[in-house]
Amino acid sequence: MIWLVATLVCFYSARYLAMKIKSPFFNPLLITLIVMIVALKWLAVPYQTYFAQNEVINYLLGPAVVALAFPLYQQIGLIRSKWKTILTSCFVGSVLSMTFGTAIAFSMGADAQLAASILPKSITTPLAMAASQQIGGIPAITSAMVIIVGLFGAVLGYPIMKLFRVKHPLAKGLSIGTVSHALGTAKAVEENYQEGAFSSLALVICGIMTTLLAPLMFPLLLRLFGHA
């Protein structure tokens, strides 16, 4: 279980470092990811070995997501009063995320299969892989894109919102959850408990919306960008 211990030591060390150095680039997850990748490559350790030793962490992901229901329950009054805003924001965010992701892919020379793999990048991995498979994408590529987008949101999401002077907890939480799923939500929980609750709500709603809309959106986007 040496890689489980190494991962935990690296993460908590990175977290301690992030508390001392207030910079978005000192994100504990990002630092841990880089260190573990370098270590595995340097020591020629297969990913299957690493994953097997860290399976307990992967197992705890499910209960951790379910635990996000508690802060949502605490915000139930605000959710009821703002449900139209929440649903509208998640719908628009999901559509724009799919559209811009596909547009960027095609502008850089991607084929239809690669674009389909990128389209559901902003939702949590299981749903993203299912949506990708539905529209002819490659789930493995989708999984990698989900991680990249999540890290981008976790590292740069709050600096960007600070730049544009986004201050309301509802707006900040929904923004993070809509575009950077669980990784962004973890950062939101660290920043503000209320923002974390709204981010977890957006994570769920946008995941469902993207999964349902992807089979309808992708053929339209193919026609729009001349790949039909």
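Per-structure values
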| item | result |
| --- | --- |
| Over the chain, volume per residue of the alpha carbon convex hull, in Å³ | 137 Å³ |
| Set LYS162/LYS187; LYS22/LYS172; LYS167/LYS187; LYS22/LYS82 screened for pairs whose C-alpha atoms are more than 26 Å apart | LYS22/LYS82 |
| Relative contact order (%) - criterion: Cα under 8 Å, at least six apart; region: the chain | 19 percent |
| Cα-based Rg and Dmax for region 1-45, where Dmax is the largest Cα-Cα distance (Å) | 11.1, 33 |
| Residue-by-residue Karplus 3J(HN,Hα) for region 85-96, coefficients 6.51, -1.76, 1.60, Hz, glycine and proline x | 4, 5, 5, 5, 4, 5, 5, 4, x, 5, 5, 5 |
| Solvent exposure of region 1-45 as accessible area per residue, Å², 1.4 Å probe | 72 Å² |
| For region 117-187 and region 60-90, distance of Cα centres in Å | 17 Å |
| Of all accessible heavy-atom area on the chain, the percent that carbon and sulfur account for (1.4 Å) | 72 percent |
| Mean Cα-pair separation over length for region 1-135, i.e. relative contact order, pairs under 8 Å, 6 or more apart, % | 15 percent |
| Helical mean residue ellipticity (222 nm; -39500 (n - 2.57) per DSSP H run of 4+; nearest 500) of the chain | -27500 deg cm²/dmol |
| Listed residues ILE104, PHE25, THR210: farthest to the positive end of the dipole of the chain (Cβ charges) | PHE25 |
| Lys, Arg +1 and Asp, Glu -1 on Cβ, resulting dipole of the chain about Cα centre, debye, nearest 20 | 640 debye |
| In Hz, Karplus ³J(HN,Hα) per residue of region 133-138 (6.51, -1.76, 1.60; θ = phi - 60°; x = Gly, Pro) | 5, 4, 9, x, x, 10 |
| By average C-beta atoms within 10 angstrom, highest first, the peptides 67-73, 208-214 | 208-214, 67-73 |
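The values are calculated or read from the model by the stated rules, or taken from the named source; none is laboratory data. Keep in mind that what you see is a predicted model, and the values were worked out from it rather than measured. Ideal geometry is used to build each Cβ from the backbone, glycine not excepted, and the neighbour counts take in all protein chains shown. These area figures cover heavy atoms from the full protein model, side chains too; ligands, DNA and RNA do not enter into them. Shrake-Rupley method; radii C 1.70, N 1.55, O 1.52, S 1.80 Å.
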